[in-house]
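Undergrad: I'd like to ask some things about the structure below.
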Amino acid sequence: MTEHYDDHIMGKAYDGQMMRRLLGYLRPYGRHVALAIVLIILISALKIIGPYLTKIAIDRYIAAADLAGLGKLGLIYLAILVALFGLEYLQTFLLNSIGQRVMYDLRMQIFSHTQKLDVAYFDRTPVGRMMTRITSDVDALNELFTSGVVTIFGDIVNLSGIILALFLMNYRLAGLVFSVLPLIILVTLIFKIKVRENYRQVRKLIARMNSFLQESITGMMVIQIFGREPRKFQHFESINKDHLDANLQAILYYALFYPGIELLSAVSIGLVIWYGGGQVVLGAMTLGALVAFLQYSERFFQPISDLTEKYNILQTAMASAERIFTLLDTPSAIATPAEPISPAQAKGAIEFHRVWFAYKDENWVLRDISFAVKEGERLAIVGATGSGKTTLINLLTRFYDVPRGEILVDGINIKQMDLYDLRRRFSVVLQDVFLFSGTVESNIRLYDENITLEQVREAASLVHLDRFIDRLPKGYEEEVRERGSSFSVGEKQLLSFARALAFDPRILILDEATSSVDTETEILIQDAIQQLMKGRTSIVIAHRLSTIQDADRIIVLHKGTIRETGTHQELLAQRGIYHRLYQLQYKEQYGRRPHVTNVPSVE
Amino acid sequence: MFKTYSLYRLLPYLQRYRFKLFYGAACLLVTNVFALAQPWILKKVIDSLSLEITTEKLLFYSGLVVGFSFAEGLFRFLMRRILIGVSRYIEYDLRNDFFAHMEKLSLSFFHRMKTGDLMSRSTNDLGAVRMVLGPGIMYSMNTLVISTVATILLFSISWRLTLIALLPLVFVSICVKKFGEEIHKRFDKIQEQYAEISAKAQENLSGIRVVKAYAREESEIRSFETLNRLYVQKALALVRVSGAFHPLLGLLLGFSSVALLWIGGRQVIEHRMTLGDMVAFMGYLAMLIWPTIALGWVVNIFQRGAASMSRMLRIWDTVPEIRDGDDLAPVDRISGEIEFCHLTFSYEPGQAPALKDINLQIPQGATLAIVGKTGAGKSTLVNLILRIYDPPPGALLVDGVPVERIPLAVLRSHIGYVPQETFLFSDTVKENMAFGVAQGDPQEVERVAKVADIYDDVMSFPNHFDTLVGERGITLSGGQKQRTAIARALLTDPRILILDDALSSVDTYTEEKILRGLSAVMRQRTTILISHRISTVKRADHIIVLDEGRIVEQGRHEDLLTLGGLYAELNKKQLLEEELAEF
Ligand SMILES: Nc1ncnc2c1ncn2[C@@H]1O[C@H](COP(=O)(O)OP(=O)(O)OP(=O)(O)O)[C@@H](O)[C@H]1O
Ligand SMILES: Nc1ncnc2c1ncn2[C@@H]1O[C@H](COP(=O)(O)OP(=O)(O)OP(=O)(O)O)[C@@H](O)[C@H]1O
Ligand SMILES: [Mg+2]
Ligand SMILES: [Mg+2]
């Protein structure tokens, strides 16, 4: 299993720059946020009043046996409670709706960004990993917005209110209560260091578990057929076990930490009883004040353990934010230039000029490729597997950019054209067929409203899929499952072929578009395409030479270089690679099979 | 509780850790005893402060507070470790079992479900269930203990006051029930929507090349937006309910405090109760606040957990369609004879059959070739041999035994299969080739790589056999993927070799080389070869022509040519193409 850099991003728990960027997402909801902050401050303030009311009740009314006063106080308390209810509900709803909106924005932003990223990025990044950005990482930020950022104001108000109240009532006693603070800070610091390391481990294991799961689910057929279940299970179990161990470790830390804080708070309460009790005996302090003091001290420590909880949220969120921002900051290597040039006319002329290309470093897959396709010409590309045919197409549609040389479409370098404008000129039947879940119709049309149902039907009948579709219970509305799993491979290929035709392109590109289709259908389609593409440019890649022999020109690609070009007849006359391929495919049918071993080396 | 039946299915797992759970519960009890003693100490302090009290006495009480708190902390530590620990153990068990169960499910199941959906069930939903097992159980026990004991103590201080103070709790329980149901319902909807978002993103990202090739980015973003917006709506619908829950509980409990202030205060004034009593009463009432709030939280956890558990159960309760039956034949080796007797098969009951009345016998070691149009049923036929789908009982025999009676593991381990669509794992080339064997002996790997004619390609990669291929083998060319899959099948040294159009993406030259290499391999094994090219199938011992699920012609190449049917027609077409080109 490959490890990825972003699994290791664990966040600094607090990073000012990132926080500012995160808070930027709250800006559109500035007013709501402000209101939420006001609400939370009000709520905290109201909550602090409680023990103080107790003090008044004891000292002023109970001690003075003032029943009426007690009644009034009760009413005030009641009013506060009702107000609290309203405010809290409002605040919760407000915060959550802000959180949800921010999540919505984030998800849209991430998803939109992934749509812009270049294909090479997808080559190196597993889908599961990008999924995590859109799902759990965004969730972690929601947690931050709903229970982190804003409520922290509440905690601050709470703490400062309590500190103020304590000092006002008796500053010496207050000093005593706070004497345990350094210890609490120390304990918290140690805890943080431990938990951080552990958290990193857990995140890594979760990421590993998810990508393992994802791949196992998609490849389950291969796993089952090769009887690999026990070993896959073992592998899964071992990741799971590491995950368990890491979590048990975390539990240990938490189990130590919380009681630790409680113990320290008990110490300070003990101090209050001992010293404060003495004061009451001496008459330096009222009984009510002591009771209020005790209640405040208890409440003082609650927000502190809350803050640690929030620290966790913060840490998780920061790590997620970093991963999300890393994705968002990944520029697409392939983008529309600032001032795109649009060819005067969409004719469909293509030119490769001294193109070199490597997927990685200097591992050239294509070397010095030059050729031109005139408007309306039909070009065929043949060559051994792995010789770079698909790569050629990938470059033409700008899935990858060429490092050396240039590619022109209608006389303009494709790097200077608008990306969508460029790609809309082509319809490509990719070698790897991909169907989306949806319906037959939506797979042909890809939800493009400009394509009418008529055109969809037309395209389907061109590839002779209409009879098959008509037999389906729901016809064009028939459900297509993920990756088209209920169709035969040939049917899938035809469906993706129909898609290309429905888009009515200037330039049609077929990369092994009928490799899984039977000969009869193939011939029929070929005739239909020939009609359809009259006057339009097309590029056809095929191993079955029958598919291409009436092309205007054939290019023979060998190990990334063009070795032969010409028409079928010219190439046969050259007696080179093409001739040999041709011999192999057909001559043997007369029993005159050439010996493969005697094929002259091409070098 | 309400609508949480699905959680009963967790009982066997809890059972496994019953001793731990018991110790955990005991610790929890002790923890709370010490916790609950503390307001009592305060009562003592305050009551004695009204009288005379010595500094020693005060010191003693302070010491008591600290001591009790220490004891409480100790047991709380044990409680958390044990109870939360158990939830992690069970999570571990659940996750293993869930994965193991998925491994058993048949392919039709994986075709029905979306990957994104399965993923969200095995991660998100499992997480929600874990919350029930850990914090859920711990806090509900806690709530139970504290509220019972606190209530008893409250009664012991003043039963009348207690009755009044606890009156609002009746409303609390009503509240919990009503809200719980509503939360459950709304949460279920959210999870469903969440799964949909995941599935959408998942598919889009997997098919990104198509999206880009057709410049469909904008419309993809729009449809993602629709799902996303729905999600926000559903999430807010939940908040509208759950947001009121907590504050409402707070309010109800607040009523108790007010009642205490009024009535308790009067009693103290009238000297029917001491001030210390009242303070302790307040303390215990405050202690009830946390469990009640926790209750709201716990209810949430339980409802979410139950919703998630039932989503997981929908998978868990799916019985694998393909599995070993009860009357297994004692087969542990397969020599490779295959027979179809009047086999008719449809994918869905009531649907037109994909295969009709297939009768066929393939002797051990023979080579069968299948040709036929797109969608004729070729792949279906071989899939039945592998039991990717189950044939009707008794209609398909291997070595004279109905396949459904051969242990699945035995059957599949004797078949080498090159599927029509290649799936590779994002691992090294070597690991992919050695996928079907326990130990990938490097020499063996190289040998099969040569037979599949992929050796030279691999050696041209920067890291040779240790080169990583992308997801699904994305960084290999079409033909390289296919040849890797051939090598993978060969390495298992199978008795039956099935090549489902396995040379469709390679050029003729390579095809010829592979076929030549394979002919040695095929000699000793039963081989089934599916192809559209006459050149590939003509040397087979037996050729069948499938059309619309029926065998319409069969025999050797020459026989079929003389027959003058579909096969001869196909042959003519392929020859004709060539002659056309001969001009
Ligand atoms: N995304 C990629 N990343 C790295 N290397 C790649 C990638 N795609 C292809 N290659 C390599 O580039 C070379 C050319 O591949 P390409 O797909 O262009 O071949 P092809 O001519 O289309 O072959 P086939 O007929 O088998 O489809 C191969 O060696 C392949 O392994
Ligand atoms: N999982 C499935 N559920 C329902 N119908 C299916 C399923 N798989 C295949 N079919 C249908 O059964 C028929 C036979 O499919 P099969 O895959 O056997 O064809 P094939 O002969 O292998 O075709 P190809 O040459 O295209 O691979 C097709 O019409 C197909 O649509
Ligand atoms: Mg290719
Ligand atoms: Mg098939």
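Coordinate-derived values only; no laboratory data. These numbers come from a predicted model, not from an experiment. Please note: Cβ atoms are built from the backbone with ideal geometry, for glycine as well, and neighbour counts cover all protein chains shown.
Undergrad: For A:239-246, what's the mean count of beta carbons from other chains sitting within 10 Å of each residue's beta carbon?
TA: Mean shielding by partner chains, rounded to a whole number: 3.
Undergrad: Residues of B:59-66, mean number of Cβ from any other protein chain within 10 Å of their own Cβ, rounded to a whole number?
TA: The mean count of partner-chain Cβ atoms within 10 Å per residue comes to 6.
Undergrad: In the structure shown, do any of A:LYS241/B:LYS234; B:LYS212/B:LYS573; B:LYS373/B:LYS430; B:LYS200/B:LYS430; B:LYS373/B:LYS572; A:LYS232/B:LYS212 have a Cα-Cα gap over 25 Å, and if so which?
TA: A:LYS241/B:LYS234; B:LYS212/B:LYS573; B:LYS373/B:LYS430; B:LYS200/B:LYS430; A:LYS232/B:LYS212
Undergrad: Continuing with the same structure: How would you order A:247-254, B:380-387 from highest to lowest mean count of nearby Cβ atoms within 10 Å?
TA: Averaged packing, sorted descending, gives the order B:380-387, A:247-254.
Undergrad: How well do other chains shield peptide A:49-60, expressed as the mean number of their Cβ atoms within 10 Å of each residue Cβ?
TA: Per residue, the number of nearby Cβ atoms from other chains is 2 on average.
Undergrad: Here is a further query. If you take the C-alpha gyration tensor of segment A:2-328, multiply each eigenvalue by 5 and take the square root, what semi-axes do you get, largest first, in whole Å?
TA: 49, 24, 16
Undergrad: Continuing with the same structure: List the chymotrypsin sites (Phe, Trp or Tyr not before Pro) in segment B:317-377 that DSSP assigns to loop (not H, G, I, E or B) and whose Cβ has at most 14 other Cβ atoms within 10 Å. Which are they?
TA: B:TYR347
Undergrad: Give me the net charge for the shell around B:LEU343: Cβ to Cβ below 10 angstrom, other residues only, Lys and Arg +1, Asp and Glu -1.
TA: Summing Lys and Arg as +1 and Asp and Glu as -1 gives -1.
Undergrad: Give me the net charge of A:PHE371's neighbourhood, meaning all other residues with Cβ under 10 Å from the Cβ of A:PHE371; Lys, Arg count +1, Asp, Glu -1.
TA: So the environment of A:PHE371 carries a net charge of 0.
Undergrad: Subtracting the Cα-Cα distance from 0.36 nm times the residue separation, let me have the gained length for A:GLN234 to A:SER461 in nm, one decimal.
TA: Extra length from A:GLN234 to A:SER461 when fully extended: 76.8 nm.
Undergrad: For q = 0.09 Å⁻¹, what log10 I(q)/I(0) does segment B:151-269 give under the Debye formula with an equal point scatterer on each alpha carbon and no solvent?
TA: Reported log10 I(q)/I(0), two decimals: -0.49.
Undergrad: A follow-up question, please. Rounded to the nearest 0.05, what FRET efficiency is calculated for B:ASN359 and B:ALA568 with R0 set to 22 Å and r the Cβ-Cβ distance?
TA: About 0.50, to the nearest 0.05.
Undergrad: Now a separate question. In Å, the Kirkwood hydrodynamic radius of chain B over pairs of distinct alpha carbons?
TA: 30.1 Å
Undergrad: Right, next: Provide, as a two-decimal number, the C-alpha radius of gyration of segment B:244-312 over 2.2 N^0.38 Å, N being how many residues it has.
TA: For segment B:244-312, the normalised Cα radius of gyration is 1.59.
Undergrad: Jot down the per residue volume, in cubic angstrom and as a whole number, of the convex hull over the alpha-carbon atoms of segment A:432-526.
TA: So the per-residue Cα hull volume is 92 Å³.
Undergrad: Continuing with the same structure: Per the Debye formula with a single identical scatterer at each Cα and no solvent contribution, what log10 I(q)/I(0) holds for segment B:7-316 at q = 0.06, 0.10, 0.11 Å⁻¹?
TA: Here the Debye-derived log intensity ratios amount to -0.32, -0.73, -0.83.
Undergrad: Here's a follow-up. Which whole-Hz couplings ³J(HN,Hα) result when phi for each residue of segment A:183-195 is put into the Karplus expression 6.51 cos²θ - 1.76 cosθ + 1.60, θ = phi - 60°, listed in order with x for Gly and Pro?
TA: Those phi angles translate into 4, 4, 4, 4, 4, 4, 4, 4, 4, 4, 4, 5, 5 Hz.
Undergrad: Among the lysines, which fall within straight-line cross-link reach of A:LYS72, defined as a Cα-Cα distance under 21 Å, with same-chain neighbours fewer than 8 residues apart omitted?
TA: A:LYS47, A:LYS55
Undergrad: Still on this structure: Rounded to a whole number of µm²/s, how large is the Stokes-Einstein D of the protein assembly as shown at 25 °C and 0.890 mPa s, given Rh as the Kirkwood radius over C-alpha pairs?
TA: Using the Kirkwood radius from Cα pairs, D works out to 72 µm²/s.
Undergrad: What's the ranking of A:348-358, A:543-553 by average number of surrounding C-beta atoms within 10 Å, highest first?
TA: Descending mean neighbour count gives A:543-553, A:348-358.
Undergrad: Cα extents of segment A:149-258 along the three principal axes, largest first, in whole Å?
TA: In descending order, the Cα extents are 77, 27, 15 Å.
Undergrad: Right, here's the next one. Which shape class applies to chain A: rounded if a/c is under 1.5, otherwise prolate when a/b exceeds b/c and oblate if not, where a ≥ b ≥ c are the square roots of the Cα gyration tensor eigenvalues?
TA: prolate
Undergrad: Okay, next question. Please give the per residue volume of the convex hull enclosing the alpha carbon atoms of segment B:92-188, rounded to a whole number of Å³.
TA: 111 Å³
Undergrad: Also, quick follow-up: Under a point spin-label approximation (7 Å from Cα along Cα-to-Cβ), what is the A:LYS534-B:GLU548 distance to one decimal in nm?
TA: Between A:LYS534 and B:GLU548, the label points sit 3.3 nm apart.
Undergrad: Express in % the proportion of alpha carbon pairs of segment B:421-493 at distances exceeding 21 Å.
TA: When all Cα pairs of segment B:421-493 are counted, 10 percent exceed 21 Å.
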